[in-house]
Amino acid sequence: MMCAMVSLFLVLSLIANCLYAGIMLTFLIAIMPGLAGLPDEQFTAMMRRFNEKVPGPAFLVLFLGVVALPAAALFTGLGEYDSVEAPAIVGALVCAVAGHLVTIAGNIPLNNALAKAEGGDDSAARTAFESRWNTLHQVRTAFTLGACLLLAIALWDGGAAALAI
């Protein structure tokens, strides 16, 4: 049975990861398809504006929380987990870190290149940006959704064990 602190960290982990996944999924299924029909000048202007505003303080807390909270749950509960919980939490951490690596190594450099291209050829900037950014975004969204699923499994399994006692 999980202690209250581990359960709290797991619940907070699931909430943070699901909120983050919601942001990623919203961009994937609504924002990017909506921007796709814009002329190059409008598309690049909108993406530059998103890239200026998204990494604000609230987003950064969430960005860090999707890794820090599952790590806290894992290390707080060492020795308490059954055969499902620990692997699910580790898997969620792997997914969260992998998604962040895609963001840091892929999406952010593309965002920076788009910002540097401001005032230049918007068509060329969009061509260099859009397809690659969308592909990387699909990958990080999949990792984020995977982290949510794995945390839900860990929480469900831990909760089921607590109810059985």
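Quick note: the coordinates plus some simple rules give every number you see, no bench work behind them. In this text the structure is predicted, and so the values were computed from the model without any measurement. Cβ placement follows ideal geometry from the backbone for every residue including glycine, while neighbour counts extend to all protein chains displayed.
What to note about this one:
- Take the conditions (1) under 16 Å from Asp157 (Cβ atoms); (2) touching a residue at least 40 places away in the same chain (Cβ under 8 Å); Pro87 misses just one of them, which is (2).
- When residues in segment 43-81 are screened for being within 18 Å of Ser123 (Cα to Cα), without any contact (Cβ under 8 Å) to a residue 24 or more places away in the chain and touching a Leu at 6+ places or on another chain (Cβ under 8 Å), 1 of them pass.
- Hey, Leu151 on the phi < 0 side of the Ramachandran plot and touching a Pro at 6+ places or on another chain (Cβ under 6 Å) or not: no
- Taking every residue in segment 135-149 that is aliphatic (A, V, I, L, M) and pairing it with any residue that is surrounded by fewer than 18 Cβ atoms within 10 Å (Cβ to Cβ), at least 6 positions away or on another chain, the pairs with Cβ-Cβ distances below 6 Å are Leu136/Gly106.
Conditions (1) over 18 Å from the mean Cα position of the chain (by Cα); (2) surrounded by fewer than 16 Cβ atoms within 10 Å (Cβ to Cβ); (3) over 27 Å from Ala154 (Cα atoms), marked per residue:
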position: Leu74; (1), (2), (3): yes, no, no
position: Glu80; (1), (2), (3): yes, yes, no
position: Gly91; (1), (2), (3): no, no, no
position: Val94; (1), (2), (3): no, yes, no
position: Gly99; (1), (2), (3): no, no, no
position: Gly106; (1), (2), (3): no, no, yes
position: Ala117; (1), (2), (3): yes, no, yes
position: Ser123; (1), (2), (3): yes, yes, yes
position: Ala128; (1), (2), (3): yes, yes, yes
